[in-house]
């Protein structure tokens with residue numbers, strides 16, 4: 001474990017640990033537990049896929065019933081518990097009930113997350129043994145949020161963690177989180193699991209508003225492959241241990257700080273896309289409104305032709321304009337302007353919808369940098385947005401050609 005990961009902590013008031021219970025075939029850590037000594041306010045944003053995994057449905061119901069009394073989140077990797085029918089829901093309830101029993105709280109105080117292969121029933125004997133190891137056998141568990149961040153990984157090549165201290169009007173608060181995600185990444189939601197914690201004092205309704213604001217600016221602005229998962233979940237828990245109260249007057253500042261944390265996590269997901277070699281930042285400017293900007297940026301970010309061109313360093317700018325054209329936005333080809341790079345290293349390729357006499361060799365070099373920055377101006381207004389994605393490589397195909405075998 002790296003020094004950075006070993007020193008990573010969640011917000012004050014939270015503890016985490018992990019164990020290996022045998023759900024991952026390689027014997028790696030695959031079960032994580034995040035706990036709070038006191039009930040937390042909580043909010044969640046979930047996948048919009050109509051095929052929702054059992055934990056998604058379970059957590060949505062729990063947060064409706066008990067948004068101010070969450071004590072723990074139990075997360076397993078190696079099995080998505082999706083498309084598993086009534087048995088899958090029963091397994092969610094059993095996991096929450098066992099965790100709650102060991103922690104001495106009500107089962108409605110425990111949220112459940114799962115990630116991994118779809119369509120396979122959970123091995124509840126192993127999972128139950130893992131819960132017992134986390135709650136009663138310290139020698140069988142690895143303490144720390146860094147271990148928990150490793151346990152929730154599937155095809156990720158690295159854990160994704162952020163810890164920020166933020167000065168607000170009422171005092172300093174911490175916003176810290178971890179997430180996993182490398183494939184099946186596309187809004188809305190972006191495909192991943194994320195647990196973000198804060199020590200602020202904030203009511204569930206305000207927490208929910210802040211989370212949705214942050215999600216729209218972060219996890220709903222990334223794409224790896226255009227596939228939206230069955231299990232996407234973003235949780236935000238507030239322990240209140242700092243004593244800093246977030247009310248209506250402080251909500252905007254807290255929401256912006258939360259957005260900064262979530263953007264940092266989301267960028268790590270895009271950078272670690274399956275088989276990816278570099279991060280791509282797609283900037284769309286000059287849009288009629290924010291929705292139009294996102295619509296165009298999203299189409300570019302999910303284009304396999306564009307992403308493979310970036311991987312090969314091929315300055316085939318036509319692929320960018322092509323994706324913008326089929327995005328569904330009411331754009332005018334005659335007003336489009338495109339450039340690669342930024343600042344002194346920016347190269348203009350298109351103006352007024354027509355090609356410029358550009359140095360294509362230099363443009364190719366810009367596509368081999370990390371991050372790759374592509375800016376498309378629509379020439380229609382003053383709105384803009386940024387979406388993050390990654391290149392497509394041969395390794396992406398290899399990973400997904402053999403995901404279950």
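The values are calculated or read from the model by the stated rules, or taken from the named source; none is laboratory data. Given the structure is predicted, the values throughout are model-derived calculations rather than measurements. When we count neighbours, we look across all protein chains shown, and the Cβ atoms used for this are built from the backbone with ideal geometry, even at glycine.
Listed values, structure above:
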{"read-out": "Out of 305, 251, 258, 321, sole residue that is buried (at least 23 other Cβ atoms within 10 Å of the Cβ) and touching a residue at least 12 places away in the same chain (Cβ under 8 Å)", "value": "258"}
{"read-out": "Count of segment 130-156 residues which are surrounded by fewer than 18 Cβ atoms within 10 Å (Cβ to Cβ) and in a helix (DSSP H, G or I)", "value": "5"}
{"read-out": "Qualifying residues in segment 358-368 (those that are in a loop (DSSP other than H, G, I, E, B) and surrounded by 14 or more Cβ atoms within 10 Å (Cβ to Cβ)) - the one nearest to the chain's Cα centre (by Cα)", "value": "368"}
{"read-out": "Hey, residue 127 buried (at least 24 other Cβ atoms within 10 Å of the Cβ) and outside any helix (DSSP H, G or I) or not", "value": "no"}
{"read-out": "Test set (1) touching a residue at least 40 places away in the same chain (Cβ under 8 Å); (2) on the phi > 0 side of the Ramachandran plot; (3) more than 29 Å from the chain's Cα centre (by Cα) - residue 313 fails condition number", "value": "(3)"}
{"read-out": "Count - residues of segment 99-124 that are at positive phi and surrounded by fewer than 17 Cβ atoms within 10 Å (Cβ to Cβ)", "value": "2"}
{"read-out": "Counted residues, segment 292-311 - those being more than 15 Å from residue 392 (Cα to Cα) and in contact with a strand residue (DSSP E or B) (Cβ under 8 Å, 6 or more places away or on another chain)", "value": "6"}
{"read-out": "Selection count, segment 327-357, where residues are in contact (Cβ under 8 Å) with a residue 40 or more places away in the chain and either part of a strand (DSSP E or B) or surrounded by 15 or more Cβ atoms within 10 Å (Cβ to Cβ) (or both)", "value": "4"}
{"read-out": "Among residues of segment 385-398, those that are assigned to a helix (DSSP H, G or I) and surrounded by 15 or more Cβ atoms within 10 Å (Cβ to Cβ), counted", "value": "1"}
{"read-out": "Residue in segment 158-178 that is farthest from residue 257 (Cα to Cα), counting only those that are surrounded by 24 or more Cβ atoms within 10 Å (Cβ to Cβ) and modelled with pLDDT under 95", "value": "159"}
{"read-out": "Filter result for the condition that a residue is closer than 28 Å to residue 178 by Cβ and at pLDDT below 95, over 279, 305", "value": "279"}
{"read-out": "Condition check for residue 281: within 30 Å of residue 169 (Cα to Cα), touching a residue at least 12 places away in the same chain (Cβ under 8 Å) and either touching a strand residue (DSSP E or B) at 6+ places or on another chain (Cβ under 9 Å) or in the same structural domain as residue 210 (by TED's automatic domain parsing) (or both)", "value": "no"}
